[in-house]
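One structure is given below, encoded as C-alpha cells.
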Amino acid sequence: MPLTLGTAGHIDHGKTTLVGALTGVDTDRLPEERERGISIALGYAPLTLPSGRRLSLVDVPGHERFVRTMVAGATGIDLYLMTVAADDGVMPQTREHAAVLAALEVATGVVAITKADLADPGRALAEAAELLPEAPAVVVSARTGSGLDTLRQALDRAAAEVATPARGGSLRLHVDRSFTIRGAGTVVTGTLWSGTAGRGDDVRIHPSGRHARIRSVEVHDEPRERAAAGQRVALNLAGVRRDEVSRGDVIVAAADDVAVTYRVDVALSWATPEARPDGGARVAVHHGTRESPARLAELGGRFFQLRLEQPIVALPGDRLVIRALAPPDTLGGGVVLDATPPRHGPSRDLLARLAALERGEEPVEAPAPAREEVEPRLEPLTDADRAVEARLHAAGAEPPLDQELGPGALASLRAHGRAVRLTRTMHVHPDVLTEVTQHLVAALEREGSITLAGVRDELRTSRKYAQAYLEHLDAERITLRRGDERVLRRRR
C-alpha cells in the first residue's frame, strides 16, 4: 500500500538535513534555499525502509512565514516525522505544525530528537512526549549518523500501523507545483489522493474546467505506466499551458462530474477553546493545496457552513485546516460533511442531518413543510444594535475597539453583515470599509505603491488603524507587501 510521509517541526530543527541523511536526497532545490540555509518550498524524496517498504516523503518548511506551504504539503500525508532539536526543545512552529497534523487527523508518526551531538536530549524528549504522547521518540544526529538506523525502524513500525486509507474512486490530484520542462511542456506534481493516473488518460483541471491529456507519469523521477493513490506523482500534461494550471488546482478524470463549490457544511474542532472564532468571522480555509478566505456561519454545536471566496473541489470526508487571517495562526480543523449544500442557517432538521452524516449514516430527510417550519431567520436588530451600528458608522476610519463596546455588542451586527472584524479587537462598518478600500486603491493606482505612513496620511488616521486596514487589504489579496511598501496585486 503506497504511503506518504510528511516532515514537521520548527525552523532550523534539522528536517532537511535529516531527510538528506535518510534518503541521500537534498530536498532544498532552489538557489535561494541553499543560499539562506532554510526551506522555502516543498521538497520530495523516496525513502526505503528496512522492510523494503518505500514511502513518498514530503519535506516542508519550518519558518512561520511558510505555514501555508507546510499545510499544502501536509494534506494527503499518511504519517509524520516531527523534528525537535535537542538544543531548543519544543518551539512555536513545533506546536503549530502539531496543530495542523491534528486538524488533518494524521495521528501516526515518529518524533526525531535531532542535533543530539550538540546538547543533552533529555529536555527535548520530555517536551516532545508532552506534546505528542502517542508518538515514539528517537534520538538522532544527522551529522554523525547516530540513531538513523533506529529511526528507520521506528518509521517502518509506524507505517505498518497506519490504517489502510480509503482511496477508491476516481483520479484526484491536488497540484502543489506547476512548471515547464523544455521539450516536454507543462508538468504538475502532487500527492495522488484517490484513483490512479496513467499515460493517455483524459483529465480536467478544476476550478477552470480546462481539458488536458496525461502525456507521461513519473513517481520520484521514475517513469510509470500508471501511478496509484498515496504516491507523490508528476504528470506531464498535453493541451494546457504552464499559466493555465497552478498550485491549488485539482486534476480529475475528464469523465467525472466533480462539483466545484463555494460552500461546504463541516464539523470543526478547535485547537483550544479560546481559538474558536465568533460566528460570522472571516477565516482562511486550507483544503488540499488551496487556501481560500471564507465566512464561518454557525449551524449549532460543532457544525458550520464555510462560505468560500474561492472555489474548492471537495468530497465528503475531506479534511480541512482553519487558520486566522491576521495575525495568521492555526485555529483548528475538521471534516467536510456536505460538499454542495444550499446556503442555510441552523435548524433542528439540519443538525440531525449533519450529525447523521458525521456518523457515516445516510440521513433521513424531513418532509418539506417540516423544514419550512423550522427554517431559521435572523432576529431583527434591536434598538441597542442600531445604536452600536450608528456609533460604528460615525467612527469612520477609526473603528471602535471591542474592549470599549464589549464583544457581544457586535455579534448581532456581524451576523447581519453590518460590521466587519478587522482584528480581534477592532470592527469597522462595511460602508466605511468600502470607502476606505476605494480611496486606497485609487491612491495605489495613482502612485504605484504606498507605505504605512502614506496610508495614515491618506486616511488622516492613526498608525494603529492604518496598519489594520493594510493587513485587511493584504488578506483580501487586494494589495501585496514588498518591503515597507504595498502595491496592487495583478488582477486576472
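The values are calculated or read from the model by the stated rules, or taken from the named source; none is laboratory data. Fair warning: this is a prediction, and the values are worked out from it, not measured in the lab. Neighbour counts run over all protein chains shown; Cβ positions are idealised from the backbone, glycine included. Please note that ligands, DNA and RNA were not included when accessible areas were found on the heavy atoms of the full protein model with its side chains. Shrake-Rupley method; radii C 1.70, N 1.55, O 1.52, S 1.80 Å.
Data overview
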item	result
Set 293, 316, 311, 327: member being closer than 27 Å to residue 476 by Cβ and part of a loop (DSSP other than H, G, I, E, B)	327
Restricting the stretch 457-469 to residues that are in contact (Cβ under 8 Å) with a residue 24 or more places away in the chain and touching a strand residue (DSSP E or B) at 6+ places or on another chain (Cβ under 9 Å), the residue that is surrounded by the fewest Cβ atoms within 10 Å (Cβ to Cβ)	468
Residue count, the stretch 330-359 (criterion: in a strand (DSSP E or B) and in contact with a helix residue (DSSP H, G or I) (Cβ under 8 Å, 6 or more places away or on another chain))	8
Any hit, the stretch 164-187, residues being modelled with pLDDT under 90, of a type in the set (Lys, Arg), assigned to a loop (DSSP other than H, G, I, E, B) and under 28 Å from the mean Cα position of the chain (by Cα)	yes
Test set (1) without any contact (Cβ under 8 Å) to a residue 40 or more places away in the chain; (2) in a helix (DSSP H, G or I); (3) of a type in the set (A, V, I, L, M); (4) open to solvent by less than 50 Å² (accessible area, probe 1.4 Å) - residue 119 fails condition number	(2)
Among the residues listed as 418, 414, the single one being over 21 Å from residue 487 (Cβ atoms), in contact with an Asp or Glu (Cβ under 8 Å, 6 or more places away or on another chain) and part of a loop (DSSP other than H, G, I, E, B)	418
Pair list, Cβ under 6 Å, 6 or more apart: the stretch 143-159 residue under 16 Å from residue 54 (Cα atoms), other residue of a type in the set (S, T, N, Q)	156/51; 158/108
Residue in the stretch 201-219 that is free of Cβ contacts under 8 Å to residues at least 60 places away in the same chain, under 30 Å from residue 116 (Cβ atoms) and open to solvent by less than 60 Å² (accessible area, probe 1.4 Å) present	no
Filtered residue count, the stretch 272-319, keeping only those that are touching a Leu at 6+ places or on another chain (Cβ under 7 Å) and of a type in the set (A, V, I, L, M)	9
Unmet criterion (only one of (1) modelled with pLDDT of 95 or more; (2) in contact with a Gly (Cβ under 7 Å, 6 or more places away or on another chain); (3) closer than 30 Å to residue 317 by Cβ) for residue 140	(3)
The stretch 412-445, residues that are at pLDDT below 85 and hydrophobic (A, V, I, L, M, F, W, C)	413, 415, 419, 420, 422, 426
Qualifying residue in the stretch 131-150 (condition: open to solvent by 60 Å² or more (accessible area, probe 1.4 Å), β-branched (Val, Ile, Thr) and assigned to a loop (DSSP other than H, G, I, E, B))	yes
Qualifying residues in the stretch 470-485 (those that are out of contact with any Pro (no Cβ under 9 Å at 6 or more places or on another chain) and among the hydrophobic types (A, V, I, L, M, F, W, C)) - the one surrounded by the most Cβ atoms within 10 Å (Cβ to Cβ)	473
Enumeration of residues in the stretch 285-324 that are surrounded by fewer than 21 Cβ atoms within 10 Å (Cβ to Cβ) and under 19 Å from residue 415 (Cα atoms)	293, 295, 297, 298, 300, 301, 302, 307, 308, 309, 324
Residues within the stretch 4-37 that are at pLDDT below 75 and either open to solvent by less than 30 Å² (accessible area, probe 1.4 Å) or polar (S, T, N, Q) (or both), tallied	3
Identity of the residue in the stretch 173-197, open to solvent by 20 Å² or more (accessible area, probe 1.4 Å) and in contact (Cβ under 8 Å) with a residue 12 or more places away in the chain, that ends up nearest to residue 255 (Cα to Cα)	196
Index of the failed condition, residue 83 passing every other in (1) closer than 24 Å to residue 323 by Cβ; (2) assigned to a helix (DSSP H, G or I)	(2)
Hits in the stretch 234-268 (condition: in a strand (DSSP E or B) and open to solvent by 60 Å² or more (accessible area, probe 1.4 Å))	262, 263
Scan of the stretch 209-220 for residues that are touching a Pro at 6+ places or on another chain (Cβ under 9 Å) and of a type outside the set (A, V, I, L, M), ordered by number	216, 220
